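The structure under discussion appears below in the form of structure tokens.
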Amino acid sequence: MTDVSRQAANQMWGGRFASGPDAIMEAINASIDFDRRLARQDIEGSRAHAAMLAAQGILTDNDADAIREGLLTVLSEIEGGRFEFSAALEDIHMNVEARLRQLIGEPAGRLHTARSRNDQVATDFRLWVREQCDAAMDGLAALQGALLAQAEAGADWVMPGFTHLQTAQPVTWGHHMLAYVEMLGRDIGRFRDARARMNECPLGAAALAGTSFPIDRHATAAALGFDRPMANSLDAVSDRDFALEFLAASSITSMHLSRLAEELVIWSSAQFRFVTLSDRFSTGSSIMPQKKNPDAAELIRAKIGRVVGANIALLTVMKGLPLAYSKDMQEDKEQVFDAADTLMLALAAMTGMVGDMRANVSALEAAASSGFSTATDLADWLVRVLDLPFREAHHVTGSLVAMAEARGCDLPDLSVEDMQSVHPGITGDVFDVLGVHNSVASRVSFGGTAPDQVRARISDWKERIG
């Protein structure tokens, strides 16, 4: 610690301590290496606080103006890379205030009237997380747009639908893309709900009990874009639910991205050949020249661990804390910062991959026609046309599948006579439902895979997201 830093730190702490902290204590205590990311929010909150203090007659207009102009200078220095951060000053709040004192002198010491670092950091962090909710919603909407473009292009393309990763029934490419659009829509809803809940202002709660100064917390809340001030000063400085909700929503979103990434890894393999990923989001092998690896998808698939880990880490920090503020809560930011960065990178990469990927329509259709994918259509026909109980229709269909499998052919390759040997009521009309295109066209229930339903849902989503 330099003499200047030690002197500044002692000034900030006041008269309680005779000497500066030990180097080890300084290292474990300081948060400036990561909470400097809150500089803009910190200065925004301080400017609103100073304006309110002046409006309430707690500060003179001259002092408030000097503080607010000085804070803009500090922000300019930080954003321009000219600000010298000091670990001796611990955090972003004290670094900003120390520099403000150098710039404007004695009025800087009046800025901290009627507040504490406890409500200050809660406000800064809440502002930052609120912005990340907005960014996440924008990123999700962009990915939805890329998926909708794919869905619209392939509303009629048939592909296999899977359960247990085994061929189940034919579906359309557009229907499969829309499934992820729906997932991401729920993700947007979670971030929107979290944002609405977190939009209350802690500023003015002070250390934990409020303040004796005649402050106007509604004014600072409004100035910072909050709906209202938080109603309990203990809760205001203790709460980190807003960060946990952001991490929870981020974890579910990351899980959805990981599922889509897994499908892209499978689909781009030589065994499937459903899609071709662009060179922009693929890499080669150092030894095998034929390889084109879906590394971006694989990395997205893995990154959920960091986001979920951040969620668990913060839950663990908060789980045993008594009211109000404890220094444990300094550990609330690093994992949230990392999770937000990870989420936004994953969203951008996935949007790029989906936008660039090219479906192999012939491979999709060939796969859709394999594995007896229209067996359910046959069973439904037996129920609908021959009035068989579904369990009997299921048994008849199973017998026909076994016959086709033994002959090394598919259901449409069996003759009417072959089918009548299992059930005499079957007629040639059954072939109308056995083709994959006929199958998907028949799934006309709301939300089904029929091309007309797919186009209707695309239209709905386009209207919703503009």
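Quick look at the values:
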quantity: Lys pairs under 26 Å by Cα in the chain, provided they are eight or more residues apart or on distinct chains; calculated: 6
quantity: Packing rank of 81-93, 404-416, where each peptide gets the mean count of other beta carbons within 10 Å, highest leading; calculated: 81-93, 404-416
quantity: Segment His395-Ala456, extension gain: residue separation times 0.36 nm, minus the distance between their alpha carbons; calculated: 18.4 nm
quantity: Contour minus Cα-Cα distance for His437 and Arg464 (0.36 nm per residue); calculated: 6.8 nm
quantity: Degrees separating the helix 451-465 axis from the principal Cα axis of the chain, which is the longest one; calculated: 10 degrees
quantity: Inter-label distance for Ala270 and Leu103, nm, one decimal - labels placed 7 Å from Cα along Cα-to-Cβ; calculated: 6.2 nm
quantity: Degrees, to the nearest 10: 117-153 long Cα axis against longest axis of the chain; calculated: 20 degrees
quantity: Helix 92-104 vs. the chain, principal-axis angle (Cα, 0 to 90°, nearest 10); calculated: 40 degrees
quantity: Whole-Hz couplings from phi, Karplus 6.51/-1.76/1.60, listed for segment 181-198; x for Gly and Pro; calculated: 4, 5, 4, 5, x, 5, 4, 4, x, 5, 5, 5, 5, 4, 4, 4, 6, 7
quantity: Estimated 222 nm signal from helices in the chain, with DSSP H stretches of n ≥ 4 weighted -39500 (n - 2.57), rounded to 500; calculated: -20000 deg cm²/dmol
quantity: Segments 364-370, 310-316 sorted - mean Cβ within 10 Å per residue, highest first; calculated: 364-370, 310-316
quantity: Cα-based equivalent ellipsoid of segment 23-110: semi-axis lengths in Å, sorted from largest, via gyration tensor; calculated: 25, 13, 11
quantity: Overall Cα dimensions of segment 367-465 - principal axes, largest extent first, Å; calculated: 53, 29, 21
quantity: Segment 221-230 - phi-based ³J(HN,Hα) in whole Hz, Karplus 6.51/-1.76/1.60, Gly and Pro as x; calculated: 4, 5, 4, 9, x, 8, 6, 5, x, 5
quantity: Per residue accessible area of segment 367-465, 1.4 Å probe, in Å²; calculated: 52 Å²
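The values are calculated or read from the model by the stated rules, or taken from the named source; none is laboratory data. This is a predicted model, so every value here is computed, not measured. We place every Cβ from the backbone using ideal geometry, glycine too, and count neighbours over all the protein chains shown. Ligands, DNA and RNA are excluded from the accessible area calculation, which covers all protein heavy atoms including side chains. Shrake-Rupley method; radii C 1.70, N 1.55, O 1.52, S 1.80 Å.
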